[in-house]
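K.L.:
Structure incoming, see below.
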Amino acid sequence: MQVSMTVNGQERSGEVEPRTLLVHFLRENLGLTGTHIGCDTSQCGACTIHLNGKAVKSCTVLAVQANGADVTTIEGMAKDGELHPIQEGFWEEHGLQCGYCTPGMIMTTADLLKRNPNPTEAEIRHGIEGNLCRCTGYQHIVKSVQWAADKMAAQSGD
C-alpha cells in the first residue's frame, strides 16, 4: 500500500505492507532513526512521536493509519539549528544518561507542556509515567522539564 504523510513539515510517502508499524516506516523507510524501538508493546515510550499534534507511541500505530496525517519526530523539534527548549533542558539539567529513552521523553514532554505550560512536579511525574528510563532516578528528567517550562514561559512573555 502507498502511504503519504507530512513528517517534520515535509510531504513524505512510501510503499508499505498493511501490517507495517509507523515506527518501522519512520526508521526504515524514511531513515528517521531518532525514534527508538524499545519494546514493541507500548510499555516503554521510546517510540513516542506526535501524530496530528498528540503524543502517541508509534509502535501502536500502523503506517496506513497515519496516511494523510501530520507527524513530528524528535528530528523535527530543533529549528534552524537551534535546540528546542525541551532539548536544551535535558542538556542543561542532565536529564539523560544513555539517551535511549530521551527522544520519547522529549516528545511526551512537548505534549505535556502544550497542555499544561506550568506543571507541578507531581504533574510532570504523572505526565511522563508512560515513558520508562532504565538509567536515571527521574529526578534530573523532572528538573529538565521544569527548566524547559520556565524557558518556554520566558520566551512567550508569561
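K.L.:
Picking from 133, 98, which residue would you name as being over 15 Å from the mean Cα position of the chain (by Cα), under 20 Å from residue 38 (Cβ atoms) and hydrophobic (A, V, I, L, M, F, W, C)?
P.N.:
98
K.L.:
Then there's this: If a residue has to be out of contact with any Ser or Thr (no Cβ under 7 Å at 6 or more places or on another chain) and not in a loop (DSSP other than H, G, I, E, B) to count, how many in the range 61-70 make the cut?
P.N.:
Residues flagged as out of contact with any Ser or Thr (no Cβ under 7 Å at 6 or more places or on another chain) and not in a loop (DSSP other than H, G, I, E, B) within the range 61-70 amount to 3.
K.L.:
Next question. Within the range 27-41, which residues are without any contact (Cβ under 8 Å) to a residue 60 or more places away in the chain and either in a loop (DSSP other than H, G, I, E, B) or buried (at least 19 other Cβ atoms within 10 Å of the Cβ) (or both)?
P.N.:
27, 30, 31, 32, 33, 37, 39, 40, 41
K.L.:
Being touching a Cys at 6+ places or on another chain (Cβ under 9 Å) and either assigned to a helix (DSSP H, G or I) or in the same structural domain as residue 39 (by TED's automatic domain parsing) (or both) is the filter here; which residues of the range 113-150 pass it?
P.N.:
Answer for the range 113-150, where residues must be touching a Cys at 6+ places or on another chain (Cβ under 9 Å) and either assigned to a helix (DSSP H, G or I) or in the same structural domain as residue 39 (by TED's automatic domain parsing) (or both): just 141.
K.L.:
State yes or no: is residue 146 modelled with pLDDT of 95 or more, surrounded by 14 or more Cβ atoms within 10 Å (Cβ to Cβ), within 13 Å of the chain's Cα centre (by Cα) and farther than 16 Å from residue 57 by Cα?
P.N.:
No; evaluated as a whole, the condition is false for this residue.
K.L.:
Filter the range 47-85 down to the residues that are small (Gly, Ala, Ser) and farther than 13 Å from residue 5 by Cβ, then identify the one that is modelled with the lowest pLDDT.
P.N.:
81
K.L.:
Sticking with this structure for a sec: Determine which single condition residue 2 fails, assuming it passes every other condition in (1) crowded, with 18+ Cβ neighbours inside 10 Å; (2) touching a strand residue (DSSP E or B) at 6+ places or on another chain (Cβ under 8 Å); (3) more than 27 Å from residue 156 (Cβ to Cβ); (4) free of Cβ contacts under 8 Å to residues at least 40 places away in the same chain.
P.N.:
Checking residue 2 against (1) crowded, with 18+ Cβ neighbours inside 10 Å; (2) touching a strand residue (DSSP E or B) at 6+ places or on another chain (Cβ under 8 Å); (3) more than 27 Å from residue 156 (Cβ to Cβ); (4) free of Cβ contacts under 8 Å to residues at least 40 places away in the same chain, the one that fails is (1).
The values are calculated or read from the model by the stated rules, or taken from the named source; none is laboratory data. Small disclaimer: the values here were computed from a predicted structure and weren't measured. Quick reminder, even Gly has a Cβ in these numbers, built from the backbone with ideal geometry, and neighbours come from all protein chains shown.
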